[in-house]
Amino acid sequence: MRKYINIDRDLSHRQDTANLKRVRPPACPQGRASLTRSAALAAEAAGVQVKHNTLSDAFDRRNDSPPFYGSGGIASGGGLCSSGYVVQNSAGTRFMTTAGHCFAAGATVTTEAGAYTYGTVSNRRLPTVTGHAHDVELIGGQSYSARVFTGGVTSSTSIPVVAAGTAYVGYTDYCHSGRTTGEVCGHTASSITGQVCTATGCKSPVIVYTGGTSVGSNGDSGGAFYAKDASGAWIRGHFIAFGGGTGYAQPWTVVSSSLGVSIVTY
């Protein structure tokens with residue numbers, strides 16, 4: 001008998017606006033320009049001292065700005081999910097991954113706060129839609145950076161993606177990171193060939209894991225699943241479902257082989 005459990009797309013329409021900090025004017029008044037994240041990172045790398053003016057371009061997990069990071073809040077059609085990690089096709093075009101049960105093919109996705117267009121959905125894979133036993137789709141058309149948000153639900157901290165590969169049964173410190181629970185580590189993988197059945201069909205093979213303070217929740221769908229060390233995140237997949245104290249992730253190896261994409265590192 002198949003056991004049907006929760007999928008983690010958040011359809012509650014609840015927007016956490018209490019911590020949104022971006023000031024994004026249509027134009028910079030009186031000649032005072034705001035500093036974008038891209039410019040700030042470039043200046044830091046060049047050793048340039050940056051003087052911050054009154055206006056700012058603040059960002060966080062639920063209020064991202066380009067270039068977009070993985071594990072941030074994304075929205076379309078009343079649903080909330082999380083971004084995953086950056087991939088590229090053979091032509092070098094970049095995309096952000098998320099779970100296939102999140103948004104319809106062709107849908108326009110925005111940041112959770114709604115300030116930016118995140119991209120357009122393509123390459124959807126889902127049992128009840130395409131017949132594939134997978135749960136993944138790509139979002140493209142905008143600028144994406146190979147970093148994933150860490151910390152809490154309104155954190156602006158992140159780490160670089162340094163590699164991607166298979167998960168290993170018995171490893172005890174995998175992490176997931178999403179817009180609802182933030183980053184949670186301490187997960188133990190019990191299988192990398194499991195199956196999970198939800199309202200959108202049965203998916204396999206999937207990574208099955210337990211442990212940590214939370215295995216994931218509604219809205220975390222699509223968020224990166226990874227191991228990490230001092231160098232950054234080692235992508236192993238993305239979060240797709242939870243139930244009964246167990247979490248499930250779509251393996252990176254399935255995403256790579258089925259969509260013909262490679263990982264983008266920082």
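The numbers here are math on the coordinates, done by the rules we state, and not lab data. Every value quoted in this text rests on a predicted model; they were computed, and no experiment measured them. As a convention, Cβ positions derive from the backbone with ideal geometry for all residues, glycine included, and neighbour counts pool all protein chains shown.
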*Sticking with the crude label model, points 7 Å out along Cα→Cβ, report the distance from Thr172 to His132 in nm, one decimal please.*
3.6
*asked:* What are the ³J(HN,Hα) couplings of the range 156-165, residue after residue, when phi is run through the Karplus curve with 6.51, -1.76, 1.60 and θ = phi - 60°? Round to Hz, x for glycine and proline.
replied: 10, 6, 7, 10, x, 7, 10, 5, 9, x
*Treating the Cα atoms of the range 110-261 as identical point scatterers in vacuum, please give the log10 of the normalised Debye intensity I(q)/I(0) at q = 0.10, 0.17 Å⁻¹, two decimals.*
-0.32, -1.00
*Taking N as the number of residues in the range 220-262, what value does Rg over Cα atoms divided by 2.2 N^0.38 Å take?*
1.26
*Working from the alpha-carbon coordinates of the range 89-145, get Rg over Rh, Rh being the Kirkwood radius.*
0.99
*In whole angstrom, how far apart do the alpha carbon centroids of the range 194-265 and the range 95-139 sit?*
15
*What are the ³J(HN,Hα) values, in whole Hz, obtained from phi via the Karplus relation 6.51 cos²θ - 1.76 cosθ + 1.60 with θ = phi - 60°, for each residue of the range 199-204 in sequence order, with x given for Gly and Pro?*
5, 9, x, 9, 10, 6
*What is the Å³ per residue value for the convex hull set by the Cα atoms of the range 173-266?*
99
*Return the sequence-ordered ³J(HN,Hα) values of the range 236-252 in whole Hz as given by the Karplus equation 6.51 cos²θ - 1.76 cosθ + 1.60 applied to θ = phi - 60°, using x for Gly and Pro.*
10, x, 9, 5, 10, 6, 8, x, x, x, 10, x, 9, 10, 6, x, 4
